[in-house]
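The values are calculated or read from the model by the stated rules, or taken from the named source; none is laboratory data. Quick caveat, the model's predicted, so the values are computed rather than measured. Methodologically, a virtual Cβ is constructed for each residue, glycine included, from the backbone with ideal geometry; neighbour enumeration extends over all protein chains shown.
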Amino acid sequence: MSEKLQQDHYKVKPKDAGGDEAAYKAGRGAQFNTKNKFLKDERTREHIEGIDDWEEGGLPTQYLEQQSKTIVNKVESKDVGMSYSMNPYAGCEHGCIYCYARNVHEYWGYSAGLDFEQKIIVKKNAPQLLRKFLLHPKWDATPIMLSGNTDCYQPAEQQYRLTRGLLEVCNEFNQPVGILTKNSWILKDKDVLQEMGKKQIVSAMVSITSFNEDLRRVMEPRTTTAKQKLKVINELSSAGVRMGIMMGPMIPGLNEHEMQRIMKAAADNGATFTAYTFIRLNGAIKFLFHDWLYKNFPDRADKVWHLIEQSHDGKVNDTRWGVRMRGEGTIADMVAQQYKKYGKLYNMNAEEWSLRSDLFRVPGGQGKLF
């Protein structure tokens, strides 16, 4: 099944191109580059005898610096829970195999596969662009989501500190912001987050998908451990930052049975709200995930794949708003029931809380009245 799926769409199977071992050693999620549907001509590896002509090696990460034109994006999708997002980086070194943001990398001229994890676009002027955006006289201080696409605390942040710069601008303007991450590097910004927390202009979610380290290492190879993520929740909630967890995606046959354990551990460490998504494999992610699944879990790959299909009307993806991120059918309904049951049990999402927009002000000017 796996081989046929690849043969139907690609001239080169990754195992024939000699890329598997190097990719695994480098801790990558994807094991090959899928075809970019926007490119007419691409360089491909079609003959095993040509392996020596390719510099695969340790698959080093490349940071591609650029001066961007915009940083805040209006979100048109009605079911993602945000109106605006900003992403200082495109592509993500975390390498989560299921990541929906992989497809966006094709717009930059790259592949959703290894390119997404190796070629990281760095928007070096992100803080300056945000400041300019917030100075617009018609801006109404609607909350903005950091990491609506790729993780703002991925390894590139250690070098560029763009997320830190964005938070400092938000704090200066009292601009409300939400954060989603699966990296403990967020603790480096505890000082500014604590200031924003006092003003109720920030909330953060940590993504936890599994306590099984063997699963996490291959599914989210360059993310921090679940134990460390709980430490993040504990430390920031103790500092006055409203903390929550994102359980996404829930994958039948792999991690959906961990929902209760994740919610309890998060609640015990200070998380007060939750969200979840059900696995969907849109665009190139379908082929990347299929390849990954059959390589890493050959004993249950067929079962997992069919369970995903059963939850999306015989497909592995659904584009219908309101359904695509929850799935439908017996398995998806079971996950939804667990989420509701354990959320109530651990008192999640019980408080009435919202980010404050009434404090917004232009530095040096008068505050806005709402």
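Might you let me know whether the range 119-129 holds any residue that is in contact (Cβ under 8 Å) with a residue 60 or more places away in the chain, under 23 Å from ILE179 (Cα atoms) and outside any helix (DSSP H, G or I)?
So in the range 119-129, the residues in contact (Cβ under 8 Å) with a residue 60 or more places away in the chain come out as 129.
From the residues that got through so far, the ones that are under 23 Å from ILE179 (Cα atoms) too are 129.
Going one step further and asking which of them are outside any helix (DSSP H, G or I), we end up with none.
Scanning the range 119-129 turns up no residue that is in contact (Cβ under 8 Å) with a residue 60 or more places away in the chain, under 23 Å from ILE179 (Cα atoms) and outside any helix (DSSP H, G or I).
Residues are listed down the side, and each one gets a yes or a no for (1) in contact with an Asp or Glu (Cβ under 7 Å, 6 or more places away or on another chain); (2) assigned to a helix (DSSP H, G or I); (3) of a type in the set (A, V, I, L, M, F, W, C):
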| position | (1), (2), (3) |
| --- | --- |
| LEU166 | no, yes, yes |
| GLY178 | no, no, no |
| ASP189 | no, yes, no |
| VAL218 | no, yes, yes |
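Specify which of the listed residues (TYR153, TYR160) is within 19 Å of TYR100 (Cα to Cα) and either more than 13 Å from the chain's Cα centre (by Cα) or of a type in the set (Phe, Trp, Tyr) (or both).
Matching residue, one of TYR153, TYR160: TYR153.
Being farther than 29 Å from MET325 by Cα and in contact with a helix residue (DSSP H, G or I) (Cβ under 6 Å, 6 or more places away or on another chain) is the filter here, so list the residues in the range 100-143 that pass it.
Those that are farther than 29 Å from MET325 by Cα and in contact with a helix residue (DSSP H, G or I) (Cβ under 6 Å, 6 or more places away or on another chain): ALA126, PRO127, LEU130, ARG131, LEU134.
Determine whether the range 106-113 contains at least one residue that is at pLDDT 95 or above, assigned to a helix (DSSP H, G or I) and touching a Lys or Arg at 6+ places or on another chain (Cβ under 8 Å).
There is no residue in the range 106-113 that is at pLDDT 95 or above, assigned to a helix (DSSP H, G or I) and touching a Lys or Arg at 6+ places or on another chain (Cβ under 8 Å).
Specify the residue that is farthest from the chain's Cα centre (by Cα); the eligible residues are those in the range 303-329 that are without any contact (Cβ under 8 Å) to a residue 12 or more places away in the chain and in a loop (DSSP other than H, G, I, E, B). First the steps, then the outcome.
Of all residues in the range 303-329, those without any contact (Cβ under 8 Å) to a residue 12 or more places away in the chain come to 306, 309, 314-315, 320, 323.
This time we only want the ones that are in a loop (DSSP other than H, G, I, E, B), so: 314-315, 320, 323.
Details: GLY314: 25, LYS315: 22, ARG320: 20, VAL323: 19 Å.
The residue in question is GLY314.
Is it fair to say LYS227 is within 19 Å of the chain's Cα centre (by Cα), on the phi < 0 side of the Ramachandran plot, surrounded by fewer than 19 Cβ atoms within 10 Å (Cβ to Cβ) and of a type outside the set (Phe, Trp, Tyr)?
yes
State whether the residues of the range 172-189 include one that is over 26 Å from VAL304 (Cα atoms), touching a strand residue (DSSP E or B) at 6+ places or on another chain (Cβ under 6 Å) and among the polar types (S, T, N, Q).
Yes.
Only residues that are under 17 Å from ASN125 (Cα atoms), surrounded by fewer than 20 Cβ atoms within 10 Å (Cβ to Cβ) and of a type in the set (S, T, N, Q): list them for the range 150-184, please.
Of everything in the range 150-184, those that are under 17 Å from ASN125 (Cα atoms), surrounded by fewer than 20 Cβ atoms within 10 Å (Cβ to Cβ) and of a type in the set (S, T, N, Q) turn out to be GLN158, GLN159.
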